[in-house]
1. Scan region 149-177 for residues that are more than 16 Å from the chain's Cα centre (by Cα) and hydroxyl-bearing (Ser, Thr, Tyr) and jot them down.
2. Hey, can you tell me all the residues within region 182-218 that are over 30 Å from His84 (Cα atoms) and of a type in the set (Gly, Ala, Ser)?
3. Quick check on region 128-142: of everything there that is of a type in the set (A, V, I, L, M, F, W, C) and not in a helix (DSSP H, G or I), which residue is nearest to Val199 (Cα to Cα)?
4. Listed residues Ala279, Ala295; which is under 30 Å from Pro125 (Cβ atoms) and small (Gly, Ala, Ser)?
5. If you take the residues in region 357-369 that are open to solvent by 50 Å² or more (accessible area, probe 1.4 Å) and either touching a Cys at 6+ places or on another chain (Cβ under 9 Å) or not in a helix (DSSP H, G or I) (or both), which one is nearest to Phe327 (Cα to Cα)?
6. So, in region 180-190, of the ones that are of a type in the set (A, V, I, L, M, F, W, C) and free of Cβ contacts under 8 Å to residues at least 60 places away in the same chain, which residue ends up surrounded by the most Cβ atoms within 10 Å (Cβ to Cβ)?
7. Could you tell me whether any residue of region 239-260 is assigned to a helix (DSSP H, G or I) and of a type in the set (Phe, Trp, Tyr)?
8. Within region 370-460, considering only helices (runs of 4 or more DSSP H) that don't extend past its boundaries, which have at least 1 residues that are modelled with pLDDT of 90 or more and surrounded by fewer than 23 Cβ atoms within 10 Å (Cβ to Cβ)?
Amino acid sequence: STGENVEMAKVKDLTTGSPIKLMLLYALPVLAGNICQQIYNFADTIIVGQKLGENALAAVGTTGSMFFLVNGFVIGITSGFAVHISQRFGAKDYDGMRNSVFNAVFLWGLITVIITALAMIFSKPMLRLINTPDDIIDDAQRYILTIYAGILAPMLYNAASCILRAVGDSKTPLYFLMVSAVLNIGMDLFFIVVLKMGVFGAALATVIAQFISGVACIVYMIIKFPILRITKADMHINGSIIKTHLTIGLPMAFQFSITAIGTIVLQGAINKFGATRIAAYTAASKTEQLVTQIAGASGVTTANFVGQNIGAGRYDRIKKGVRAWSFVTIGAAVFAMVVIFFFGRDICGLFIKNRNPVTLDSSMVYLNTVITFFIPLFLIFVFRNALQAMGKTLMPLMAGVFELVARTIASFTLPDVIGFKGVCLAGPIAWVSAMVPLFVTYIIYMVKFKKKGYFKARED
């Protein structure tokens, strides 16, 4: 019908056309959105570091792994539930897609209540567990409790953006995120500089800005995307879909959380070196996160491309697209390495008051160590997301376990042998431990699909 054609013009079908061209056009808005999302934390960290000093920077920085533990779970669970939505869209089953959205929303609401309560209860014990120094623990507690109390905000935004991306729209989430990023910076300055609210003001600004972007994204989606508009007929709990969501979503969420547990262990090792090294690591990790947003965008693109083509039965396109996209991702990793090599010290300097040379030197020790391993890190996002979008969630989860074990062993042993450099090597060792089994598993599945004739059937 004409109405359906209008609706379809607003979404992007990734099952036809040049895979690499479609993936590039899809990835660019996702990358821009990821960078905007980093501005939330960047604004907090820069303003805190410059206006409140090194101890406040260390307090915010020491909660980074705890923030990732919960936010990573949110990202994983929203991305995981969107896989089935993407598959139904690729199969042109729009009634099934809308029912899948309804069941996902029901689960997201329930999960938000549970993780908010658990996160707030265990925040202080976790800060003690990771050896948070006494001179920064109060500020750290104040910051992370505010973030945890507002978990609904990232859940809203990530849920809405993942639904839109599942149907091929990677631009709309970006537009709202850009606006809220500007709001976040403005509120940071107002709360911290004008109202003197300290680290609490930084956290509050982040929560409010992300909540605004989430609500705006949902309202826009309801108004502008009729194909996603839930009707009474769609509003029923479907046990099969619930099971599918949980089967795909929980392993993805736990995979993020397992990775986060590894960073918490690493943070505990770093905290033993004192506030200056914590501040150095905070500045360096923020710089690392900025350039590795390319990898995150690559993973989101892979997941939605593979998800839609699985739904359409286009295994030939999956093989072709993922292979080409892997080389693009390797190129992106090299680009990120070059950026860090030439501009890493200047970026770190944004976070450190008076550009303390001792702190900056420690930041660069970390960055110069990890950039050597950016290629395996970036490829993790491609093969992990490809497997998850195919519904093959066991190995991505196990790869997270391998990563956790490797990071934990390195964090507990290497610092005693080679000092701070040992902390810097923990991440790279974990990345290699995860990437190798993911790559091998992806190849195994491609060989299985070929033997079953999936490629030949479509290519003919």
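1. Of everything in region 149-177, those that are more than 16 Å from the chain's Cα centre (by Cα) and hydroxyl-bearing (Ser, Thr, Tyr) turn out to be Thr172, Tyr175.
2. If the condition is that a residue be over 30 Å from His84 (Cα atoms) and of a type in the set (Gly, Ala, Ser), then Gly186, Gly198, Gly201, Ala202, Ala203, Ala205 are the ones that fit.
3. Of region 128-142, the ones of a type in the set (A, V, I, L, M, F, W, C) are 129-130, 136-137, 140.
Those left that are additionally not in a helix (DSSP H, G or I): 130, 136.
Details: Ile130: 20, Ile136: 11 Å.
Of everything passing the filter in region 128-142, Ile136 is nearest to Val199 (Cα to Cα).
4. Values: Ala295 fails: under 30 Å from Pro125 (Cβ atoms).
Unique residue meeting the criteria: Ala279.
5. Within region 357-369, the subset open to solvent by 50 Å² or more (accessible area, probe 1.4 Å) is 357-358, 361, 365, 368.
Keeping just the survivors that are either touching a Cys at 6+ places or on another chain (Cβ under 9 Å) or not in a helix (DSSP H, G or I) (or both) gives 365, 368.
Working: Val365: 28, Asn368: 23 Å.
Only one residue fits best here, namely Asn368.
6. Taking region 180-190 and keeping what is of a type in the set (A, V, I, L, M, F, W, C), we get 181-183, 185, 187, 189-190.
Those still in the list that are free of Cβ contacts under 8 Å to residues at least 60 places away in the same chain too: 182-183, 187, 190.
Numbers: Val182: 14, Leu183: 16, Met187: 22, Phe190: 13.
For region 180-190, the residue satisfying everything is Met187.
7. First, pick out the residues of region 239-260 that are assigned to a helix (DSSP H, G or I): 239-260.
Add one more test, that the residue is of a type in the set (Phe, Trp, Tyr), and what stays is 254, 256.
The answer is yes, given that some residue of region 239-260 is assigned to a helix (DSSP H, G or I) and of a type in the set (Phe, Trp, Tyr).
8. Values: elements: 374-389, 394-418, 420-451, 454-459.
Per the criteria, 374-389, 394-418, 420-451.
The values are calculated or read from the model by the stated rules, or taken from the named source; none is laboratory data. Note that the coordinates shown come from a computational prediction; the quantities given were computed from them, not determined experimentally. A quick note on method: Cβ atoms are made from the backbone with ideal geometry, for glycine too, and the neighbour counts reach across all protein chains shown. Only protein heavy atoms, including side chains, enter the accessible area calculation; ligands, DNA and RNA are left aside. Shrake-Rupley method; radii C 1.70, N 1.55, O 1.52, S 1.80 Å.
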